[in-house]
Amino acid sequence: FGSLPCSCAAGLSHRLRRTHRRRRRRRHREARVRVHAIAMHAPEPPAAGGRHGSRRAQKRQGEVDLPRRSDAFEAYYLAQKLVPEEEWSHFLEVMRRPMPLVVRINRTKASWAELQSSFAADARWHALPWFPNAWQIQHEDYDDGLRVQCSALNKAYALRFQEAASLVPPLLLDVKASDVLLDMCAAPGSKTLECLELMREESNSDAGVVIANDADAERCFELLPLITRKARHAGTAVLLGSAAKFPAQLDGAGAQVLFDRIVCDVPCSGDGTLRRRPEEWKAWSPEFAQSLHTKQLQILVRGLCLLKPGGRLVYSTCSLNPMENEAVVCAALARFQGDVSLAANTQEELQRKGLDTGVGLSTWRVSHPTERGTFFQRWEDVPHGLRKPQGSITETMFVASQEAAERAAACCIRLFPHRIDGSGFFVAVFEKSHHREPPLVLPKGKLPMASIPWRARNTSNRYEVVLAETEEIRAIADFYGLAKVPAPLLAEYNVKGRLTQLNLVNEALLRFLQTHLNCKGSPLLVAVGVPLFKLLDENFMTKLDVPSRWRPALEGAGVLGPLMAKRVLRLDLDAMRTLLSTRLLPMASLQELSDRGALAGLEGCGGLLGGCVVGLHDGSFWTPCIVTGLGLELYGSAEELGDPRPALSPKICPTTLLEGSGFVTLDKPSGLRTEDALRFLQETHSQSELVSRLDRGTSGCLLVATGPGSAKVLTAQFAEGSVAKTYLALVWGELEDDEGHVALPLALSDSGGGSRYRAYVDEAEGKPALTAWRVLARAGGVSLLAVFPKTGRTHQIRCHMAHLGFPLVSDVKYNGHKATWCARLPLHCLRVRAVDETGQPLDVQSPLPQDLAAMLGRLTGQSGPQAAWREAIAACCGAAPADLGTAMRA
């Protein structure tokens, strides 16, 4: 690697940084206009504590405070006798409460048991007895710390957010590893992934097929491919098309291709999930459910037509309304006249596992579309003007046979919110005994086998079967040391007709895709199989001699890693985490890692630029990388890859430093949000209010008022700048001056995402901000500063130091590049001085956190900071720099 050219420093990292800078500048320009326009009409913030509130927390509180009732809802379901009379009040009470959150751990991941153990160790989570790898937490216990962790684990597919009731349909499918399965209305994809996991738990052969179809174009192109590719299953495909018009397929012998299992989770009114969507209460009406009845019946009927004899279809909705549930089921049973039936004993199976289930309704009434409180019991009672096509009521909405309705109701499953502490849900399991040929003339003899007859986005966008003997595939195999390239492979051409990707599929999926379609226009084939290789970007490393411009895809790295004899590196856990956090292992460090046994396989790259695969020594984790002149660069989403050993961190709690008249000063650890620290204090001091705040990554003194009088006094002191604050900050670079100050106005932009706000210097319209600093020590290209902010703007210290050209270490938001030895924001509120509500001085200090002390010690080669650093830290609690008084007066 020593001879590699450094000119590709203008490669991936530079391109990404340049692109991100352009995006940030554009967002900042747009945000300035928005912020200025809003500020011209914004009301003044409340006097005590309001200016320090969290907008996200206020939004959640607003959702909780929304009116959770509807007279129309209550009148309708009382008339339908949805639940027994003695349960009605409890049902309504639970419907008005926020719903618990449920996560499902992905047991196909190598390290799932460790993650399961971390959930079991947290008393806030409770296992669902009928689904052992699913965990539930109450709404009030799901704080922002957990939200951030679970969101990261969800992106890495270590777990999935999924309502408890939604877990039931895949369980009742009784899916086998070799089944051909169709998910007719797949988005957002949680049930699709659950089916794939159940198939893999039976066998790792990946011999089955899962087709994820949806009619929503945005969900199909933007969401479903991202979801299905997380499973890395060679038998998956995403289709965009109407479920009610899913085409018939014919094999080479002219026989219709049918599915072993079908998930039919149809679009519905969703009033079973009103606990999760309280804003929908005010808009609830029975007419919406009635308007969906015909479409739901069409989808169910089409699914039953595509079901193989002996197969199983699960129909489900998250609706409470019999128009979408029992009425649809009974109409479908009547249409198939004994060819299909409802599976028996499904309720007993779930009840044995511990799930409290109910049966379906055997009687129901159809509401008048315009006259509330008026119902029709029989089809004959409906005026002709209300019947379709003039009106919205159809004959299939009514009970045709009371006896048949009672038999169907006994086999249907209803999940009630007050019984399972979840959402309302309906499930019916169909089994098929006989298949009738569709009313069309099937061609006789062998059909011509088209390559891939499914439509793509245009004529240029297509998929073609690629043989392993082709010259391009042989060149890829030689470069990566593949004795045998995984097959079958499909070449994917983009909308411009350019070959960009090679996808791995299994034999069953290839047979499915090569069937003859009996329709004029097939659904669109959006995504297929597992992306194995992708071409390097057209503008990346174009001036360098790269032997192969094909690189391993993120999804295919786990498939390729064990098969490759060349260009496969193995790291220990610490080095892998460093690569994921910094996205680059510099060229100089690779030989060092190899010498100490943290890196293996370096010789297999042969000193050549290009793609490679990097994994842990035990082969449980793989990621694609690129060898450039800079070193080993990560070529994939670190968020999607996640941590190699995911776990749920224990709950972070602050400690009390000082309690006095009307105030408490907490020692906030890094990683804890200010609002969560406040909630911790409110358990013992119910009237506590924030008068200041610290960023999530900042540790140290957090002053909290414990009463409205104290809040007013302390907020006034913060507003006039009479509160003395001392921070420790570790910044990149060694400042020449020993002390100084920054007096530049700051404004905020809303950049979106989790850490959404970003401060920037705006001398025209920004708010006054003043920060003084003093250098305590310099070492190893960094400086330890004592910082004295006079004002309290959001991200003030971080923005001001970055503006000087000395950003905080690892503060990526403000262009401070990451350091492997710095895993947190190195900013600590060391001391706060003020006056309490009685006029007595308030002076509190926070000890240096262990993690920050370890960072300083590592820079000096010791287990803790040097004595000189310790003395400097202690001394910095004295007076501020001499020029601060002059700057403040200015």
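The values are calculated or read from the model by the stated rules, or taken from the named source; none is laboratory data. Owing to the predicted nature of the structure, the values given are computational and were not obtained by experimental measurement. As a convention, Cβ positions derive from the backbone with ideal geometry for all residues, glycine included, and neighbour counts pool all protein chains shown. Keep in mind that these areas ignore ligands, DNA and RNA; they rest on the heavy atoms of the full protein, side chains included. Shrake-Rupley method; radii C 1.70, N 1.55, O 1.52, S 1.80 Å.
With every protein chain in place and a 1.4 angstrom probe, the accessible-area ranking of ASP71, ASP643, largest first, reads ASP71, ASP643. The listed residues HIS233, HIS434 rank as HIS434, HIS233 when sorted by accessible area, largest first, using a 1.4 Å probe.
Here LYS295 is the anchor, and the lysines within straight C-alpha reach of less than 29 Å, apart from those fewer than 8 places off in the same chain, are LYS81, LYS191, LYS245, LYS282, LYS308, LYS388, LYS432, LYS520. For a label point 7 angstrom out from the Cα of VAL148 toward its Cβ, which stretches of the range 666-697 have the backbone nitrogen within less than 16 Å? Counting backbone N atoms under 16 Å from the label point, the list is 668-680, 693-697.
What part of the accessible area of the range 260-418, given as a whole %, is carbon or sulfur when the probe is 1.4 angstrom?
On the way: 3180 of 6440 Å².
Ligands and nucleic acids excluded, carbon and sulfur give 49 percent.
When we measure straight from the Cα of LYS790, which lysines land under 16 angstrom away, once same-chain ones fewer than 8 places off are left out? Partners within reach: LYS725, LYS767. Solvent-accessible area of ARG147, all protein chains in place: 60 Å² (probe radius 1.4 Å, heavy atoms, ligands and nucleic acids excluded).
Backbone geometry of the range 698-704 corresponds, through the Karplus equation with coefficients 6.51, -1.76 and 1.60 at θ = phi - 60°, to 3J(HN,Hα) couplings of 7, 10, x, 5, 10, 8, 10 Hz, x marking Gly and Pro.
Keeping all protein chains in place, calculate the accessible area per residue for the range 472-521 (probe 1.4 angstrom), answer in Å².
On the way: 2340 Å² over 50 residues.
On a per-residue basis, 47 Å².
Straight-distance candidates among the lysines for linking to LYS484, with alpha-carbon spacing under 20 Å and chain neighbours fewer than 8 residues away dropped: LYS534, LYS566.
Just to confirm, what accessible area per residue do you get for the range 589-653 at 1.4 Å probe, in whole Å²?
Dividing the accessible area of the range 589-653 by its residue count gives 36 Å².
The label-point distance for ARG436 and ARG407, in a model that sets each label 7 Å from Cα toward Cβ, rounds to 1.7 nm.
Just how large is the dipole of the chain about the Cα centre, in debye to the nearest 20, putting +1 at every Lys and Arg Cβ and -1 at every Asp and Glu Cβ?
Values: 106 positive and 96 negative charges, 442 e Å.
Dipole magnitude for the chain comes out near 2120 debye.
Let me know the charge dipole size of the range 566-661 about its Cα centre in debye, to the nearest 20, where only the beta-carbon of Lys, Arg (+1) and Asp, Glu (-1) is charged.
Values: 8 positive and 11 negative charges, 38 e Å.
Approximately 180 debye in magnitude.
Could you calculate the contour length gain from GLU380 to PHE221, that is, 0.36 nm times the residue separation minus the distance between their Cα atoms, to one decimal place in nm?
Values: separation 159, 0.36 × 159 = 57.24 nm, distance 4.54 nm.
Gain on stretching GLU380 to PHE221: 52.7 nm.
Separation of the range 205-252 and the range 597-642, taken as the distance between their Cα centroids, equals 31 angstrom.
Which of the trypsin sites (Lys or Arg not before Pro) found in the range 787-821 are in a DSSP loop and have at most 13 neighbouring Cβ atoms, other than their own, within 10 Å? Intermediate values should be presented prior to the final figure.
Working: sites: LYS790, ARG793, ARG798, LYS813, LYS818; in loops: LYS790, ARG793, LYS818.
When the trypsin sites (Lys or Arg not before Pro) of the range 787-821 are filtered for loop state and at most 13 Cβ neighbours within 10 Å, nothing remains.
Just the protein heavy atoms count here, and of the accessible area of the range 481-636 at 1.4 Å, carbon and sulfur take up 51 percent.
The mean sequence distance of close C-alpha pairs (under 8 Å, at least 6 residues apart), as a share of the length of the chain, puts its relative contact order at 11 percent.
Protein heavy-atom accessible surface, 1.4 Å probe, per residue over the range 316-369: 35 Å². May I ask for the net charge around ASP179, where only other residues with Cβ less than 15 Å from the Cβ of ASP179 are counted and Lys, Arg are +1 while Asp, Glu are -1? So the environment of ASP179 carries a net charge of -2.
Leaving out ligands, DNA and RNA, what percent of the accessible area of the range 680-734 is carbon and sulfur, probe 1.4 Å?
Values: 1030 of 2010 Å².
For the range 680-734, the apolar C and S fraction of the accessible surface comes to 51 percent.
Taking Cβ atoms as reference points and 10 Å as the exclusive limit, the residues near LEU223 contribute a net charge of -3, counting Lys and Arg as +1 and Asp and Glu as -1.
Using C-alpha pairs below 8 Å separated by at least 6 residues, the relative contact order for the range 122-170 is 19 percent. What residue among ASN345, ASN539, SER620 has its Cα farthest toward the positive end of the dipole of the chain, where the charges are +1 on Lys, Arg and -1 on Asp, Glu, each on the Cβ? Going by the charge dipole, the pick is ASN539. In the chain, one over the average inverse separation of all distinct C-alpha pairs is 31.2 Å, which is the Kirkwood hydrodynamic radius. Restricting the count to DSSP beta bridges whose residues both fall in the chain, what percent are antiparallel, rounded to a multiple of 5? Here the share of antiparallel DSSP bridges comes out near 80 percent.
What is the angle, in °, between the Cα long axis of helix 708-720 and the longest principal axis of the Cα atoms in the chain? Nearest 10 is fine, range 0 to 90. For helix 708-720, the angle is close to 60 degrees.
Quick check on the chain: helices-only [θ] at 222 nm, where DSSP H runs of length 4 and up contribute -39,500 (n - 2.57) each and the sum goes over total residues. Nearest 500, please.
Numbers: 26 runs with 258 residues, N = 890.
Computed mean residue ellipticity for the chain: -8500 deg cm²/dmol.
In this structure ARG219 has an accessible area near 100 Å², from a 1.4 Å probe over the protein heavy atoms.
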